[in-house]
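A short write-up of the structure that comes next.
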Amino acid sequence: MQFAHAFTELAAILLAAAVIGALGTFLRQPLIVSFIGVGVLVGPAGLGIVTQQEEVELLASIGIALLLFVVGLKLDVQMIRTVGPVALSTGLGQVIFTSVVGYVIAIALGYPPLEATYIAVALTFSSTIIIVKLLSDKREIDALHGRIAVGFLIVQDIVVILVMIALTAIGSGAGSEGVGLPQTAALVVVKGLLFLAAVVGLMKWVLPSVTRLLARSHELLVIASIAWAVALAAAGEAFGFSREVGAFLAGVSLASTPYREAIAGRLVTVRDFLLLFFFIDLGARLDLSLLGATVVPSLLFSAFVLIGNPLIVMIIMGALGYRKRTGFLAGLTVAQISEFSLILGALGVSLGHIDQETMGLITFVGLVTIGLSTYLILYSSQIYERLAPMLGVFERRTPYRESTVDAQVDDVPQADVILFGLGRYGGGIADHLRRRHRRVIGVDFDPAVLDRWRAAGLPVFYGDAEDPEIFEHLPLGRARWIVSTTPDLDSSRMLLRHLQDQHFGGKVAVTCRTPDEAAVLEREGADLILRPFADAAEQAADALTSAMDQLVAAAPDTVGLREVRLSAASPWAGLAIVDLPLRDQFGATVLAVSRSGRSVLSPPPGFQLFPYDRVILSGEPDTVGEAAAFLAQEHYTPEEADFAIEEWALAELPAWQGRTLADLHLRRRFGITVLGIRRPGRGVEPPTAQSTCAADDHVVVAGRREDLARARGPATAE
């Protein structure tokens with residue numbers, strides 16, 4: 001099926017991608033697999049729609065460049081120092097292991113040495129494009145295993161580039177114009193050093209001022225960033241490396257600027273759209289007619305890649321002192337062969353080193369491993385949870401590499417709240433809890449975030465809610481709350497399951513996006529549902545519908561009005577209006593109180609205030625501002641060590657017997673509160689003003705220790 005115009009052909013490709021992508025999503029299949037399937041459908045092996053191969057390949061190349069550019073934006077020098085050694089060790093170790101064992105298997109299957117070499121090398125390299133896309137979608141690109149994986153994938157890319165350069169030189173018998181292989185290798189090294197030096201120089205002396213100038217216009221900053229990514233990708237190719245390496249360095253060069261987050265955020269949609277063409281191009285290049293003759297060896301090599309590559313990564317990372325979970329998650333990222341493997345095979349065909357049948361074998365292995373490894377990565381946490389008991393052999397007795405990331409439990413004698421996720425939302429929760437004198441322990445998978453919070457004095461652990469081993473190191477027995485700020489349903493459900501397995505006796509708060517997810521989490525044991533956007537929207541609506549708007553609209557010329565929002569740490573929350581010294585000290589009056597979208601005008605003296613109430617004050621213009629500042633103050637609450645909850649036997653308090661709580665005026669006279677009354681055979685009952693105290697009752701009271709001591713004394717009766 002062919003179309004007369006390239007535009008019509010492109011429209012048909014996009015329509016097919018949308019339909020098959022929607023079908024794949026409905027069947028809970030990853031989009032990557034769906035889009036590769038689209039490529040097969042519209043390619044020569046299917047409907048034959050793709051005739052403008054060069055245009056599709058061009059769009060795919062730009063998408064690849066932008067993907068590696070965004071990855072580079074997220075990397076910094078500190079990350080390279082942290083994961084550089086393990087990335088180099090793991091990358092080279094996996095390359096050597098896979099190529100040697102793959103060569104042995106190919107020879108055993110009867111392939112000639114040269115073809116066996118091509119097959120072995122093709123099995124070695126993993127797809128940086130696919131892995132980075134999957135890790136980004138799972139928000140694991142900043143996790144320790146994600147950073148290590150990206151590190152050794154870059155090492156692999158550099159190795160494959162050198163291999164392709166070497167094969168080209170061998171295939172031509174010598175380099176261009178009589179230059180031999182050693183001279184060609186030396187020339188590549190010199191070019192690489194010059195290229196890197198030029199990028200470092202621009203990063204240090206030119207790019208900071210240029211980006212500052214471009215940032216005056218967001219649109220211009222995005223266009224310039226795309227131009228920079230594509231330009232360095234082209235320069236990388238011109239220097240004999242690859243577009244991927246050049247685009248990656250372009251991102252790294254801007255990673256130290258204050259605009260990297262803004263650039264990355266605005267490029268996501270463009271990147272994802274262009275990457276669609278990469279996957280379609282990959283699928284369109286698959287020649288299914290060559291697959292039948294190589295099914296058995298292809299399945300054997302596929303099993304080797306899917307199992308052998310992750311095993312060698314886990315062995316190397318375990319020997320280097322990393323936890324088995326980190327090694328397992330990083331190892332799964334190499335359980336497929338790369339698009340470079342297909343390019344390498346095509347190069348071998350053009351040089352006459354391998355035939356089309358061998359190329360078909362490499363293609364088949366690519367199709368199987370890319371498809372299956374996608375599922376392995378998407379469901380890596382669930383797979384690890386099942387295999388964890390058998391993976392202890394891949395971990396040292398003391399995984400010291402990650403012990404430096406974790407806090408020591410002995411240094412955290414008590415934790416009121418254990419908080420999973422220290423991003424913007426979780427970090428804000430941690431900050432407010434600490435202001436309210438709550439002991440908080442943070443858990444996050446981003447080493448940079450952990451370093452920042454550790455410097456701020458917060459005890460932190462490396463891990464996430466899906467890591468079953470993290471719970472063995474947390475002081476769960478002393479925590480009142482476990483809070484997860486990750487709005488992912490599967491992650492929250494796994495957290496609840498882990499806590500149930502640990503017999504956690506406190507309460508659990510989880511974050512969700514929709515009411516349906518909230519209902520699921522409540523059924524599975526969540527005590528509190530956090531809804532960041534819904535809660536913020538509700539507070540915004542409350543602010544827009546406060547009584548202040550009504551009063552100003554009714555009396556626009558009134559100048560003696562002020563609105564004060566009581567915070568959660570307000571010393572006045574819980575008191576009645578009559579208990580506030582506003583009239584005596586400032587001559588101010590509480591004119592109205594807004595709460596949860598409702599307003600109470602002229603509230604009575606006994607009206608009790610709560611956190612987040614909006615109190616409208618009326619008074620003299622000169623003093624109402626002082627009254628508002630007085631009402632808005634915080635940090636007036638007594639230290640927790642001075643606060644106590646006690647249970648008293650009324651048999652020891654004859655002055656209380658036969659009187660109601662209203663008669664005793666405990667709040668006004670002593671500043672204490674009765675929380676409950678325990679009656680014989682009836683348990684604790686909530687108190688009311690008319691509750692009568694009997695001699696055989698017990699009362700549960702709260703307040704400052706000094707006030708409690710006064711209330712128990714002989715002066716209790718008036």
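Here are the numbers for this structure:
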{"item": "Length released on extending from Ser89 to Arg667, taking residue separation times 0.36 nm less the Cα-Cα span", "result": "201.2 nm"}
{"item": "Relative contact order, percent, the chain [alpha-carbon distance under 8 Å, six or more residues apart]", "result": "10 percent"}
{"item": "Three semi-axes of the equivalent ellipsoid, the stretch 640-716, Cα gyration tensor, whole Å, largest first", "result": "18, 14, 12"}
{"item": "Loop-exposed trypsin sites (Lys or Arg not before Pro) per DSSP, neighbour cap 11 Cβ within 10 angstrom, longest uninterrupted part of the chain", "result": "398-681"}
{"item": "Under the Karplus curve 6.51 cos²θ - 1.76 cosθ + 1.60, θ = phi - 60°, whole-Hz ³J(HN,Hα) for the stretch 321-330, x wherever Gly or Pro sits", "result": "x, 8, 5, 4, 5, 4, x, 5, 5, 5"}
{"item": "Inverse mean reciprocal Cα-Cα distance (Kirkwood Rh) of the stretch 405-530, Å", "result": "14.4 Å"}
{"item": "For the stretch 405-530, share of DSSP beta bridges that run antiparallel, in % to the nearest 5", "result": "0 percent"}
{"item": "Global geometry of the stretch 201-281, whether rounded, prolate or oblate, following the gyration tensor of its Cα atoms and the 1.5 cut on a/c", "result": "oblate"}
{"item": "Set of lysines with alpha-carbon distance to Lys507 below 28 Å, sequence-local pairs under 8 removed", "result": "Lys138"}
{"item": "Binned Cα-Cα distances of the stretch 52-394, short to long, each 10 Å bin given as a whole percent", "result": "5, 25, 33, 26, 9, 1, 0"}
{"item": "Burial ordering of His5, His218, fewest other beta-carbon atoms within 10 Å first", "result": "His5, His218"}
{"item": "Förster radius 30 Å - calculated FRET efficiency between Leu162 and Ser256, Cβ distance, rounded to 0.05", "result": "0.60"}
{"item": "Correct option for Rg and Dmax of the Cα atoms in Å [calculated from the coordinates] among (i) 33.3, 112; (ii) 27.5, 82; (iii) 28.9, 90", "result": "(i)"}
{"item": "Difference of contour (0.36 nm per residue) and Cα-Cα distance, Gln608 to Ser217", "result": "135.7 nm"}
{"item": "Cβ-derived FRET efficiency at R0 56 Å, Glu647 paired with Ala231, nearest 0.05", "result": "0.15"}
{"item": "Computed label-point distance, nm, for sites Ala537 and Arg679 using a 7 Å Cα→Cβ extension", "result": "4.5 nm"}
{"item": "The stretch 415-565, relative contact order in percent, only Cα pairs under 8 angstrom and at least six apart counted", "result": "18 percent"}
{"item": "Radius 12 Å from Cβ of Tyr612, net charge of other residues (Lys, Arg +1; Asp, Glu -1)", "result": "-1"}
{"item": "Computed label-point distance, nm, for sites Ile343 and Ala388 using a 7 Å Cα→Cβ extension", "result": "3.9 nm"}
{"item": "Share, in percent, of DSSP beta bridges within the chain that are antiparallel, nearest 5", "result": "65 percent"}
{"item": "Cα gyration tensor, the stretch 192-248 - rounded (a/c under 1.5), prolate or oblate", "result": "oblate"}
{"item": "The stretch 567-631: Rg to Rh, with Rh as the Kirkwood radius over Cα pairs", "result": "0.93"}
{"item": "Computed label-point distance, nm, for sites Arg513 and Asp137 using a 7 Å Cα→Cβ extension", "result": "1.4 nm"}
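FYI, it's all coordinate maths here, none of it is from the lab. Worth saying up front: this structure is predicted, and the values here are computed from it rather than measured. Methodologically, a virtual Cβ is constructed for each residue, glycine included, from the backbone with ideal geometry; neighbour enumeration extends over all protein chains shown.
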